[in-house]
1. Ordered by packing density, taken as the mean number of other Cβ atoms within 10 Å over each peptide's residues, highest first, how do 113-119, 51-57 rank?
2. Roughly what angle does helix 115-124 make with the longest principal axis of the chain, taking Cα atoms, 0 to 90 degrees, to the nearest 10?
3. Could you size up the charge dipole of the stretch 25-124 around its Cα centre, putting +1 on the beta carbon of Lys and Arg and -1 on that of Asp and Glu, and report it in debye to the nearest 20?
4. Take the stretch 28-88, drop everything but the C-alpha atoms, weight them equally and run the Debye formula without solvent; then report log10 I(q)/I(0) at 0.17, 0.22, 0.30 Å⁻¹ to two decimals.
5. Under the rule a/c < 1.5 gives rounded, and otherwise a/b versus b/c splits prolate from oblate, where does the chain land using the Cα gyration tensor?
6. To the nearest 10 degrees, how steeply does helix 35-47 sit against the main Cα axis of the chain, on a 0 to 90 scale?
7. Residues in the stretch 50-77 near a label at residue 126, defined as backbone nitrogen under 18 Å from the 7 Å Cα→Cβ point?
8. Given the Cα-Cα distance of residue 66 and residue 44 and 0.36 nm per residue of separation, how much length would full extension add, in nm?
Amino acid sequence: MSADTPPNSKTPLALTLPDLDAQQLVLAQTTVPDMMLAKYLAHHLVEDGIAACANLAPSSLSMYMWQGELQGDEEITLTFKTTVARLPELADRLCEQHPYELPELIVLPVVGGFTAYLDWVRTQTRPA
């Protein structure tokens, strides 16, 4: 979306989550305007144990309406593997660090996978 609002002057965004168990694994997806910010977010969220893993996709074109006008911007999509318990921290960090007035945050529940991998994600994101 738009980077018109300076960082830290944004209205707090509400995080909507369905009634999921705190240890439920989820994929949290966002987009950012450049690879430098994508790497920064991925590095810090994984290092701090908020996400077990972050995938950074190549730049792609996003088309959307913003304030009544069609926008077309190159963006990097980030996908984080984490748990419901860590989502509020992830959302807070995203709001603090993201240049957009309204950053994307879409959360998808993980309904299955290799048990050992799912356990690894839970272990990596367990609060200290």
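1. Details: 113-119: 11.1, 51-57: 18.3.
Highest to lowest by the protection proxy: 51-57, 113-119.
2. Taking the Cα atoms of the chain, the angle to 115-124 is about 70 degrees.
3. On the way: 5 positive and 13 negative charges, 98 e Å.
Dipole size: approximately 480 debye.
4. -0.61, -0.84, -1.18
5. Working: a/c = 1.85, a/b = 1.71, b/c = 1.08.
Prolate, since a/c reaches 1.5 and a/b exceeds b/c.
6. 30 degrees
7. Within reach of a label on residue 126, which here means backbone N under 18 Å from a point 7 Å along Cα→Cβ, the stretch 50-77 contributes 50-53.
8. Details: separation 22, 0.36 × 22 = 7.92 nm, distance 2.91 nm.
Fully extending the segment from residue 66 to residue 44 adds 5.0 nm.
Any read-out appearing in this document is the output of simple, stated calculations on the displayed coordinates, not a laboratory observation. Here the structure is a predicted model, which is why all the values come from computation and not from measurement. Reconstructed Cβ throughout: ideal geometry from the backbone, glycine too, with neighbour counts over all protein chains shown.
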